[in-house]
1. Can you give me the ranges of the strands (runs of 3 or more DSSP E) entirely in segment 46-133 with at least 2 residues that are out of contact with any Gly (no Cβ under 6 Å at 6 or more places or on another chain) and of a type in the set (Ser, Thr, Tyr)?
2. For segment 26-45, enumerate the residues that are in a loop (DSSP other than H, G, I, E, B) and either in contact (Cβ under 8 Å) with a residue 24 or more places away in the chain or within 16 Å of residue 113 (Cβ to Cβ) (or both).
3. I'd like the full set of residues that are of a type in the set (Phe, Trp, Tyr) and over 23 Å from the mean Cα position of the chain (by Cα), limited to segment 158-180.
4. I'm trying to understand the selection: among the residues of segment 63-112, which are touching a helix residue (DSSP H, G or I) at 6+ places or on another chain (Cβ under 8 Å) and either within 15 Å of residue 125 (Cβ to Cβ) or of a type in the set (Val, Ile, Thr) (or both)?
5. Applying the selection to segment 144-155, what residues are assigned to a loop (DSSP other than H, G, I, E, B), surrounded by 13 or more Cβ atoms within 10 Å (Cβ to Cβ) and at negative phi?
6. Residues 50, 14, 38: which one is within 13 Å of the chain's Cα centre (by Cα) and modelled with pLDDT of 95 or more?
7. So which of 55, 68, 83 is under 18 Å from residue 147 (Cα atoms), out of contact with any Phe, Trp or Tyr (no Cβ under 7 Å at 6 or more places or on another chain), in contact (Cβ under 8 Å) with a residue 24 or more places away in the chain and not basic (Lys, Arg)?
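The values are calculated or read from the model by the stated rules, or taken from the named source; none is laboratory data. Because the structure is predicted, anything quoted here is derived from the model rather than measured. Cβ sites come from the backbone with ideal geometry, for glycine too, and all protein chains shown count toward neighbours.
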Amino acid sequence: MPEKDPGHKDRPPYQIRSDQEFGPVRWHASCDCGQVTYKINRATPLNAKYCHCRGCQVTHGAPFQWCGIFHKADILFTRGTEGLSFYSSQNKSRDYELPTKVACAHCRSPIMDEGRNVCLIFPELIDYKASGADHHTWRETFEPKMHIFYGSRAIDIPDGKPKWSALDEQSDLLDDYGKPKDDSSRTRM
C-alpha cells in the first residue's frame, strides 16, 4: 500500500493507545468480514448527515451516504489497521493523503472517510448490541440532522430535514424536491 504520509500511524485514529488513555468505550464497529474493528469513546457524533455528492454516490454505489462525524481522537482501531486500504478521490490515488476514503482491503467494506480534522464513520458498521444499546437508541443517536449536496441527489427524500445544495452553512437551502427555498423563509441551521 503506497503511503505519502507514513506518519499517520502515529496519530489518531490509527495510533495505538491503552484502554486507560482512550477512556470508556461507547460504540463498537467492524467491517463485514470482521478483520477490521474499531471503537468509539464519544456517546454522540458531532453531527450526522446524509451526503448526496457524486463522490459518495460512486464510491458507495448508492444514492447517498449516511455518516456520523467524530473527532479522530474519539476513534481507536482495535484490529486490522494493516488491512486497511486508502483512496484519495481528489487525486484518484491509493496513497494515504487527506482527505481519504478508508476501507477493509479484504472485504472492501467502506470504514470511514478521513478528513484533516475529523472522521466520517458509517453508522451501519456499528454493532449496537455489542455496544450495550438497542436499535432505537442507535437510530436516535445517529439520526441525520440534514442533507448535504442535495443538488446532486439521485432521489428525492421528502423528510422535512434541512437540505443544502452543497456544504451546510455554505450553500443554498433547498426544499424536499430540490427547489431553492425563498430567501425570506431561509434560516441557517
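1. Working: elements: 47-51, 65-71, 75-79, 84-87, 100-104, 110-114, 118-121.
Strands (runs of 3 or more DSSP E) meeting the threshold: 84-87.
2. Start the filter on segment 26-45 by keeping residues that are in a loop (DSSP other than H, G, I, E, B), which leaves 26, 31-36, 41-45.
Within segment 26-45, 26, 31, 32, 33, 35, 36, 41, 42, 43, 44, 45 meet the criteria.
3. The first filter runs over segment 158-180 and keeps only residues of a type in the set (Phe, Trp, Tyr), leaving 164, 177.
Residue satisfying the conditions is 177 alone.
4. From segment 63-112, those touching a helix residue (DSSP H, G or I) at 6+ places or on another chain (Cβ under 8 Å) are 63-68, 76, 81, 87, 89, 96, 101, 104-106, 109-111; that's our starting set.
Within segment 63-112, 65, 66, 67, 68, 76, 81, 101, 104, 106, 109, 110, 111 qualify.
5. Within segment 144-155, the first condition is being assigned to a loop (DSSP other than H, G, I, E, B), and the residues that meet it are 144-145, 149, 153-155.
Still in the running and surrounded by 13 or more Cβ atoms within 10 Å (Cβ to Cβ): 144-145, 149, 153.
Selection gives 144, 145, 153.
6. Answer to the selection: 50.
7. Details: 68 fails: out of contact with any Phe, Trp or Tyr (no Cβ under 7 Å at 6 or more places or on another chain); 83 fails: under 18 Å from residue 147 (Cα atoms).
Unique residue meeting the criteria: 55.
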